[in-house]
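Comments concern the structure below.
The values are calculated or read from the model by the stated rules, or taken from the named source; none is laboratory data. Nothing here was measured: the structure is a model prediction, and the numbers come from that model. For neighbour counting, all protein chains shown are included, and Cβ atoms are generated from backbone atoms with ideal geometry for every residue, glycine included. SASA here: full protein model, heavy atoms, side chains in, ligands and nucleic acids out. Shrake-Rupley method; radii C 1.70, N 1.55, O 1.52, S 1.80 Å.
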Amino acid sequence: MKTMIWLSGVAFAAMATAAFAQDATQVRIMWYSDGNEGEVIADLVDRFEQANPDIDIILDNVAYQVIQEQLPIQLASGAGPDIARVTNLKAQAQHWLDLRPYVADPAYWDANFGDRFDWMREDGSDAIPGYMTQLTLTGGFANATLFEQAGVELPAHGATWDEWVEASRKVMEDQGLPAAFAIDRSGHRVAGPAISYGAKFIGADGNPAPIDDGAMDFFTRLTDWTAQGLMLPEVWVSAAGTTYRAAADDFINAQIPFYYSGSWQVSNLSSKIGDAFDWVVVGSPCGPAGCSGMAGGAAMVAIKYTKHPEAVARVMDYLASEDIVREFSERTLFLPAHSGIVAKGGLNFQSDDPMVPPAMNAYVAASAETLPEADRMPAWVWGNTVYGAIVTRVSQVMAGELTIEQAREMMDRDIADQVEAAGQ
């Protein structure tokens, strides 16, 4: 009899648990990773679920291309996940849920994340769309070991793009490498260097300005370097359209001595390079106008098509809380976008790699050198439109499909078509 009673109790508990699980509100998060942040967010989400059994979080880890190419299609049809980690912030602002009526303390969000809300909300809005999971800054990485083996000095702070490419060429030739350098296949990644050469992408009326001589100065250099075999061509010509391709693996495998990407790669490089070689962050090479990288980052945004805004707000309140943001930043080696944490300082970035602390400090120093035009780009609604036109047409020049002047005309046409289609 005791055995039967015990079995009945187990069966009842199992049925109750199953029923409760069915009643739990499901919140789906679309997430992409550059480094270890997927593992970190999974751990944080598990802890939330343990403390909040009435919410079931589904974490969909996807490739960045899914975020860039498939999510916009879902959003345009009024669908999508409940929460997503995105980088195309301003152009898709109409799809983000305003969390202000749902979060526990809107004042906390305004005080700690408000200085970046304009990056992700429609002009004139006071919405709380989400929060930046990290701030980023574009910049260069050098394989110090390869430079040392080749007997080539690392260019000093303030060196130009020409000087960096020339020094990297010497390393390439001495070490028998396939290329001197690579830049991620991204219009965003080359916008900072173009601005350093005097590019002005934002017109006086707030709409896109024609691609100017400053931008063409750098784009011409970039395509010429590719034609000469100095820029690793596969990074840009192996894909079409706006498809993103990073060159991190080429740098990790010591195939190039110089790599231009951004601060989000620090964790990735640290975990994959280990002690194979020494690497350093070198900031952004200079042009006539300055030595500017591009600030930016990824954001966790709530999607307005969710059927469970209250549950979404609870998840967002948890992920955006000070302790969780601090832990996430320390474990992922990301620069936090939380004003309170930045003011307090003292982050304990969790890495035994001696390359990491100077790398993070170098990005902090480089953040003071961004030019005003670069600082305006993250909150500009047409930023991604311009980046898409750049990467599409510049890569066609590299592939021999267009001349550089044809590319200039087609970039202007591509951008104008997007503006016209939007009714501007």
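The figures follow:
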quantity	calculated
Label-point separation in nm, ALA379 to GLN406, each point 7 Å along Cα→Cβ	4.0 nm
Angle in degrees between helix 213-227 and the longest Cα principal axis of the chain, rounded to the nearest 10	90 degrees
Per-bin percent of Cα-Cα distances, the range 242-330 [5 Å]	2, 10, 14, 15, 14, 14, 12, 9, 6, 3, 0
Backbone HN-Hα couplings from phi across the range 160-176 [Karplus 6.51/-1.76/1.60, Hz, Gly and Pro as x]	7, 4, 4, 5, 5, 5, 5, 5, 5, 4, 4, 5, 4, 5, 5, 9, x
Whole-number Å³ per residue for the convex hull built on Cα positions in the range 295-375	123 Å³
Positive-end residue, the chain charge dipole about Cα centroid, Cβ charges, pick of SER284, VAL45, MET294	VAL45
Pairwise label distance in nanometres, ASP323 with ILE202, each label 7 Å out on the Cα-Cβ vector	3.9 nm
Overall form of the chain per C-alpha gyration tensor (a/c, 1.5; a/b vs b/c)	prolate
Phi to ³J(HN,Hα) by Karplus 6.51 cos²θ - 1.76 cosθ + 1.60 over the range 366-373, Hz, x for Gly, Pro	5, 5, 7, 9, 5, 7, x, 4
Overall Cα dimensions of the range 126-217 - principal axes, largest extent first, Å	54, 35, 24
Signed unit charges on C-beta, dipole axis of the chain, positive-most listed residue SER238, THR136, LEU89	LEU89
Shape of the range 31-100, Cα gyration tensor, a/c cut at 1.5	oblate
Built amide H within the under 5 Å cut-off of SER284, gap 5+	GLY140
Residue-wise HN-Hα coupling along the range 377-387, computed from phi with Karplus coefficients 6.51, -1.76, 1.60 (Hz; x: Gly, Pro)	5, x, 9, 8, 5, 9, x, 5, 4, 5, 4
Label-zone membership for the range 79-107, site ILE58, 7 angstrom Cα→C-beta point, backbone N under 18 Å	79-85
Charged-residue dipole, Cβ positions (Lys, Arg, Asp, Glu), the chain about Cα centre, Debye nearest 20	680 debye
Solvent accessible area, Å² - VAL281, 1.4 Å probe, full protein context	20 Å²
The chain - share of DSSP beta bridges that are antiparallel (%, nearest 5)	65 percent
Percent carbon-and-sulfur accessible area, the range 297-424, ignoring ligands, DNA and RNA, probe 1.4 Å	50 percent
1.4 Å probe accessible area per residue over the chain, in Å²	42 Å²
Extension gain from GLU49 to SER271, taking 0.36 nm per residue of separation minus the Cα-Cα distance	77.1 nm
Virtual spin-label span in nm between ASP224 and TYR305, 7 Å along Cα→Cβ	4.7 nm
Area of GLU39 that stays accessible when all protein chains are in place (1.4 Å probe, Å², to 10)	140 Å²
Additional length obtainable on full extension of the chain from SER77 to THR145, 0.36 nm per residue less Cα span	19.4 nm
Spherically averaged projected area in nm², based on the convex hull that wraps the Cα atoms of the range 189-317	12.1 nm²
For THR136, residues with placed amide H under 5 Å, excluding near neighbours	GLY296, GLY297
Amide proton proximity set for ASP212, modelled H, under 5 Å, gap of 5+	LYS200
Extension gain from GLN65 to VAL419, taking 0.36 nm per residue of separation minus the Cα-Cα distance	125.1 nm
Helix-only [θ]222 nm of the chain, DSSP H runs n ≥ 4, -39500 (n - 2.57) each, per residue, nearest 500	-14000 deg cm²/dmol
